[in-house]
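*Asks:* This is the structure, below, for whatever I ask next.
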Amino acid sequence: MSKIITVDFDDTLAITTSTAWGGTTLMPVERVVNFIKLKIDSGHHVYVVTFRNWQNKQEVTDFCKAHGIRIKDVICTEGKTKTEFIKQLNSSLHIDDHVETCTLCTMAGIEVLMVDWGQEEKNTTAKFFNKI
């Protein structure tokens, strides 16, 4: 049976950057994308679990397809806490940049890997998580 890994989308799998013409574009967070691809190649199934609304599901799916990330599905929590969704998927690892989500997953017995954007400067709880 394959292990399940869940991953957040915004500021974890993808980051929004400004363009020269004043717009924004989604760019992959290479260290996370490379880690996920290695896990997929070793037989893991990956689900994206995002706070986004269901109307954004196709954008997330298209981004993953465009960057060769073979995910199983996108779960949009519509702003609800992710922990119950992650537990229902039986995830063995969740990757996220959000300190509260990492804390709640850890409390639920789910291993976490935090995407490091310097969160420790604002929230010392971030120091307790393994980083990517």
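*Asks:* Mind listing whichever residues of region 47-83 are surrounded by 12 or more Cβ atoms within 10 Å (Cβ to Cβ) and part of a helix (DSSP H, G or I)?
*Replies:* Those that are surrounded by 12 or more Cβ atoms within 10 Å (Cβ to Cβ) and part of a helix (DSSP H, G or I): Asn56, Lys57, Glu59, Val60, Thr61, Phe63, Cys64, Thr83.
*Asks:* Can you tell me which residues in region 92-102 are open to solvent by 10 Å² or more (accessible area, probe 1.4 Å) and under 22 Å from Ile15 (Cβ atoms)?
*Replies:* Residues of region 92-102 that are open to solvent by 10 Å² or more (accessible area, probe 1.4 Å), as a first pass: 92-93, 97-100.
Correct list: Leu93, Asp97, His98, Val99, Glu100.
*Asks:* Looking at Thr6, Thr50, Thr77, Thr16, which is the one that is closer than 20 Å to Ile132 by Cβ, of a type in the set (Ser, Thr, Tyr) and in contact with a helix residue (DSSP H, G or I) (Cβ under 6 Å, 6 or more places away or on another chain)?
*Replies:* Values: Thr50 fails: in contact with a helix residue (DSSP H, G or I) (Cβ under 6 Å, 6 or more places away or on another chain); Thr77 fails: closer than 20 Å to Ile132 by Cβ; Thr16 fails: in contact with a helix residue (DSSP H, G or I) (Cβ under 6 Å, 6 or more places away or on another chain).
Going through Thr6, Thr50, Thr77, Thr16 in turn, the sole match is Thr6.
*Asks:* Name the one entry in Thr50, Thr19 that is modelled with pLDDT of 95 or more and among the polar types (S, T, N, Q). Give the steps one after another, and end with the answer.
*Replies:* Numbers: Thr19 fails: modelled with pLDDT of 95 or more.
After applying the criteria, what remains is Thr50.
*Asks:* May I ask you to list the residues in region 93-116 that are in contact with a strand residue (DSSP E or B) (Cβ under 8 Å, 6 or more places away or on another chain) and in a helix (DSSP H, G or I)? Talk me through it step by step, then tell me what you get.
*Replies:* In the first step, residues of region 93-116 are kept if they are in contact with a strand residue (DSSP E or B) (Cβ under 8 Å, 6 or more places away or on another chain); the result is 93-97, 99, 101-102, 105-106, 110-116.
Correct list: Val99, Thr101, Cys102, Cys105, Thr106.
*Asks:* Can you pull out every residue in region 3-46 that is open to solvent by less than 50 Å² (accessible area, probe 1.4 Å) and assigned to a loop (DSSP other than H, G, I, E, B)?
*Replies:* Listed by number, the residues that qualify are Asp8, Phe9, Thr12, Leu13, Thr19, Gly23, Val29, Gly43, His44.
*Asks:* Give me the pairs, please: first residue somewhere in region 103-118 and at positive phi, second residue anywhere and crowded, with 19+ Cβ neighbours inside 10 Å, beta-carbon distance under 9 Å, and either six or more positions apart or on two chains.
*Replies:* Gly118/Ala126
*Asks:* Now a separate question. Go through the residues of region 77-90 one by one and say whether even a single one is farther than 15 Å from Asp8 by Cβ and among the polar types (S, T, N, Q).
*Replies:* Scanning region 77-90, I find at least one residue that is farther than 15 Å from Asp8 by Cβ and among the polar types (S, T, N, Q), so the answer is yes.
The values are calculated or read from the model by the stated rules, or taken from the named source; none is laboratory data. Keep in mind that what you see is a predicted model, and the values were worked out from it rather than measured. As a convention, Cβ positions derive from the backbone with ideal geometry for all residues, glycine included, and neighbour counts pool all protein chains shown. Heads up: the accessible areas ignore ligands, DNA and RNA and are worked out on the full protein's heavy atoms, side chains in. Shrake-Rupley method; radii C 1.70, N 1.55, O 1.52, S 1.80 Å.
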